[in-house]
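Notes to accompany the following structure.
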């Protein structure tokens, strides 16, 4: 199954250097959400979706539903060139908090 | 909270027996589920630790990777970097198999067909040393990302299962078992009351019969 990414232009260059050629980059004409729906259309052949935190926040609701419905593809969030966002709670930390009942410090 | 009884239970000896059976079963189930929950949580913690370490490493790596990428872009121009990046060979595909931990199905990644080469994918001319660095960094990042994805897939399945188990334990502990106990008590009391009534009635009849004989 394929590895694909949804990220900004610079991250896209980096990931392409590492050999990930299926990269979706949101533009003015095509927003992150539209790109996301396009990705959703062929999840059958996708094994891993790499997504930057910035965009993950933008399509938060859809992403959450998607993760509840599917085990594969796995979605992972990466920081972009500005580093980790301080106020963004990633999905896995959220899950941990829900399952254990408290937060576990990194 | 007042004790709730099971609905539609008649205070008979048969019901008492069946409720006793149900109660012992529920308690056994509760014990088992509690054990399952504890061992799942234990496992969960070890995976979380691994995952957090990996995320920390990854954050550092990303910082370096982006720095060298930006420097390469400064030297060669964004377009040129992007062009070279697009020409790098496709890394391949992933396969998934299923792993089973205490009845929880966990996706397990098989990245054998996912190859990350070591040599630069472009010529010496028209590129700079920073681009080499950045490609190396991003390749390392990719390897880490695959590991992370594997872990996070597991964490997700485990978390869902833990929640399910927790809910079941709670239902048994706070709802079903107290209800069964209350019902058992109710039936026992009813039966005892009936026995006392019976006993008294018999005594009374005996007394009446004796007085008639006299």
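Using only Cα atoms, find the angle between the long axis of helix B:177-213 and the longest principal axis of chain B, and express it within 0 to 90 degrees, rounded to the nearest 10. Helix B:177-213 sits at roughly 0 degrees to that axis. Taken along its principal axes, the alpha carbon cloud of region B:63-170 reaches lengths of 65, 26, 18 Å, longest axis first. If a/c stays under 1.5 just call it rounded; otherwise compare a/b with b/c (prolate if a/b is bigger, oblate if not). Do that for region B:1-112, with a ≥ b ≥ c from the square roots of the Cα gyration tensor eigenvalues. Because a/c hits 1.5 or more and a/b exceeds b/c, region B:1-112 counts as prolate.
Inter-chain neighbour count for A:90-99: the average number of beta-carbon atoms from partner chains within 10 Å of each residue's beta-carbon is 6. For region B:123-155 versus region B:21-92, the inter-centroid distance based on Cα atoms is 15 Å.
Computed across the protein assembly as shown, the Kirkwood hydrodynamic radius from all distinct Cα-Cα pairs reaches 23.9 Å. Counting neighbouring beta carbons within 10 Å and listing from fewest to most, the residues A:92, A:43 come out as A:43, A:92. Peptide B:112-124 has a mean shielding of 1, counted as Cβ atoms of other protein chains within 10 Å of each residue's Cβ. The mean number of partner chain beta-carbon atoms within 10 angstrom of a residue's beta-carbon across peptide B:40-46 is 2. Contact order, relative form, for chain B: 38 percent (alpha carbon pairs under 8 Å, 6 or more residues apart, mean separation divided by residue count). For region B:181-212 and region A:36-71, what is the separation of their C-alpha centers, rounded to whole Å? Cα centres, region B:181-212 to region A:36-71: 70 Å.
Only helices enter the 222 nm calculation for the protein assembly as shown: every DSSP H run of n ≥ 4 contributes -39,500 (n - 2.57), and dividing by all residues gives -21500 deg cm²/dmol, rounded to 500. Using r as the Cβ-Cβ distance of residue B:50 and residue B:9, and R0 as 51 Å, what FRET efficiency do you calculate, to the nearest 0.05? In this case the efficiency is close to 0.50. Projecting label points 7 angstrom from Cα along Cα→Cβ for residue B:57 and residue B:78 puts them 3.2 nm apart. Bridges between two residues of the protein assembly as shown, per DSSP, are antiparallel at a rate of about 40%.
If R0 is 41 Å, the Cβ-Cβ spacing of residue B:101 and residue B:124 corresponds to a FRET efficiency of close to 0.25. For region A:1-51, the spread of Cα positions along the three principal axes, ordered from largest to smallest, is 29, 25, 13 Å.
By other beta-carbon atoms within 10 Å, ranking B:203, B:179, B:164 with the fewest at the front produces B:203, B:164, B:179.
Annotation: Cα Rg of region B:62-107 relative to the compact-globule expectation 2.2 N^0.38 Å equals 2.00. Size estimate for region A:2-100 follows the Kirkwood approach: the inverse of mean 1/r over distinct Cα pairs works out to 13.9 Å. Per the Debye calculation on chain B with a single equal scatterer at every Cα and no solvent contribution, log₁₀ I(q)/I(0) for q = 0.11, 0.12 Å⁻¹ amounts to -0.77, -0.84. Pairs of Cα atoms nearer than 8 Å and 6+ residues apart set the relative contact order; for chain A it is 26 percent.
Applying 1/(1 + (r/R0)^6) with R0 = 41 Å to the Cβ-Cβ distance of residue A:33 and residue B:38 gives a FRET efficiency near 0.50.
Computed from the coordinates by the stated procedures, all read-outs in this text should not be read as laboratory data. Since this is a predicted model, take the numbers as computed values, not measurements. Quick reminder, even Gly has a Cβ in these numbers, built from the backbone with ideal geometry, and neighbours come from all protein chains shown.
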